[in-house]
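Here is the structure we will look at.
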Amino acid sequence: MRRRHIGWAAGAAAAVLVAAGAITYAVAEDGGGTDARTPGAESADAGFARDMAVHHQQAVEMSYIVRDRTKNEEVRRLAYDIAQTQANQRGMLLGWLDLWELPKVSAEPPMTWMGMGDMAAGKDGALMPGMATNTELKKLQSLSGKQAEILYLQLMTDHHKGGVHMAEGCVARCTVGVEKRLAQGMVESQQSEIELMADMLEERGAQPRP
């Protein structure tokens, strides 16, 4: 079953890469459902694009770290799929901000667009839900083999849970149709990968962190 999950993840990643160009161009013409105006700098659309771009960048970083720390093909394949998918999505999110002529950074704290701007953020580099701390990243860089695989799978599970929470927020609050659809796709693919990583952790005698 796990190999079937891996294949699905790879297929999903490929589908995202193929659709990326069409979605990026479509967002410029998308009326956003009920609102044809360009989203504002403090909108949920812009906030999600900015915050998820940062969130995705860390997932890419962690995935490339573990690919250098293990020879296990299944973990390396999963890490590659996550890195490629999220790097591509990050480019789309930043591209939309360019199309909307909106800044890629905000003076407001992360997650303000979700009403969570007053949350304790930035502790040891963990700016948003699910993000690993700088200490955890350094630990991942220091491990190898099975230990690196377990920590990566645990960190990425947390990361995906935080990402799902943010994407669900966009589905509920964003107004640009293609962005909402991308966010819904993130929810579905990352939930599937969370299940896959739980199986992979169990095979290694470990489990997701509480």
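Each value in this text was obtained by applying a stated rule to the coordinates, not by laboratory testing. No experiment lies behind these values; they were computed from the predicted model shown. FYI the Cβ positions are ideal-geometry reconstructions off the backbone, even for glycines, and counts take in every protein chain you see.
Okay, here's what the table says:
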read-out: Simple spin-label estimate for Thr38 and Ser144 in nanometres, 7 Å along Cα-Cβ; value: 5.2
read-out: Glu202 paired with Gln184, simple spin-label distance in nm, labels 7 Å along Cα-to-beta-carbon; value: 3.0
read-out: For the stretch 55-100: relative contact order, % (alpha-carbon pairs under 8 angstrom, 6 or more apart); value: 46
read-out: Amide hydrogen neighbours beyond the local backbone of Ala126, cut-off 5 Å, H modeled; value: Asn134
read-out: The stretch 49-143: relative contact order in percent, alpha carbon pairs under 8 Å with at least 6 residues between; value: 31
read-out: Centre separation in Å (Cα based) which lies between the stretch 33-88 and the stretch 151-185; value: 9
read-out: Computed over the stretch 91-144: relative contact order in percent, which uses C-alpha pairs under 8 Å that are six or more apart; value: 17
